[in-house]
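To start, the structure under review is shown below, and the notes come after it.
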Amino acid sequence: MWQQCSLHISNAIQYVVEFAKRIDGFMELCQNDQIILLKAGCLEVLLLRMIRAFNPLNNTVLFEGKFGGVQMFKALGCDDLISAVFELGRTLCRLQLSDEELALFTAAVLLSPDRPWLTESKKVQKLQDKIYVALQHEIQKKHSAEDKLSKTICNLHLDKLEFFRLLHPETAMNFPPLYKEVFNSELQYSDPRES
């Protein structure tokens, strides 16, 4: 099992290196700092990327083409580590990050300016700050879409309520007082036959 895991991790490290090269500004860092950031942040990045292979519904991870739970990794002999990795997987899945958010979050973790022995930590900090701004923008964009959806749903509710009021004015006039109070500014519950 260790051999299989080390092979998968080695392949994933290649992904981390390629990912880092695509981060705007990473290749402008001195080679020493690039190596330090990759070595220090590699496992963290791999753990973050693991959520794409994690199934929070049944607490399994895709490995060797099949989903397996904690028991599948018992042979490694490090139950506490495996349990912690699975708990992290569950926690990260709850965030429901989009691909863009995950990529930006991963880049921010990789560009951690507090790694020991960095020679240009201020330069790394500036890169990380840019990533955080982009991540914040992406999150705001996501919430903006959610706000639009909730407004659309509210408008649909009001349209349906108005339609219902026109079809069944007696029932609408007998809605609970609080309901009528909340929606009264948008709708008048007068009898349409009075007009």
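To the nearest 10 degrees, how steeply does helix 121-167 sit against the main Cα axis of the chain, on a 0 to 90 scale? Helix 121-167 sits at roughly 20 degrees to that axis. Between ASP129 and ALA84, the FRET efficiency estimated from the beta carbon spacing at R0 = 35 angstrom works out to 0.75.
For the pair GLN96 and LEU43, label points projected 7 Å from Cα toward Cβ lie 3.2 nm apart.
Helix-only arithmetic for the chain: the sum of -39500 (n - 2.57) across DSSP H runs with n ≥ 4, divided by the residue total, places the mean residue ellipticity at 222 nm at -22000 deg cm²/dmol. Mind pulling the angle between the C-alpha long axis of helix 79-94 and the longest principal axis of the chain? Nearest 10 degrees, somewhere in 0 to 90. Approximately 40 degrees, to the nearest ten.
Annotation: amide H of PHE63 within the under-5 Å range of GLY68, sequence separation 5 or more or interchain, hydrogens built in the peptide plane. Length gained on full extension, PHE164 to ILE139: 5.3 nm, using 0.36 nm per residue less the C-alpha separation. Tell me, rounded to the nearest percent, the portion of alpha carbon pairs in the chain spaced more than 27 Å apart. When all Cα pairs of the chain are counted, 53 percent exceed 27 Å. Quote the relative contact order of the chain in percent (integer), defining contacts as alpha-carbon pairs under 8 Å separated by 6+ residues. It rounds to 19 percent for the chain. Using the Cβ-Cβ distance between THR119 and ASN11 with R0 set to 30 Å, the FRET efficiency works out to roughly 0.50. Sequence-ordered 3J(HN,Hα) estimates for region 63-78 from the Karplus curve with 6.51, -1.76 and 1.60 and θ = phi - 60° stand at 8, 6, x, 9, 7, x, x, 4, 4, 4, 9, 4, 4, 5, x, 9 Hz, glycine and proline given as x. Rounded to 0.05, the FRET efficiency of the TYR179 and SER150 pair, given R0 = 25 Å and the Cβ-Cβ distance, is 0.85.
Bear in mind these aren't lab numbers, they're just calculated from the coordinates by the rules spelled out. In this text the structure is predicted, and so the values were computed from the model without any measurement. Glycine also receives a Cβ, built like all others from the backbone with ideal geometry; neighbour counts cover every protein chain displayed.
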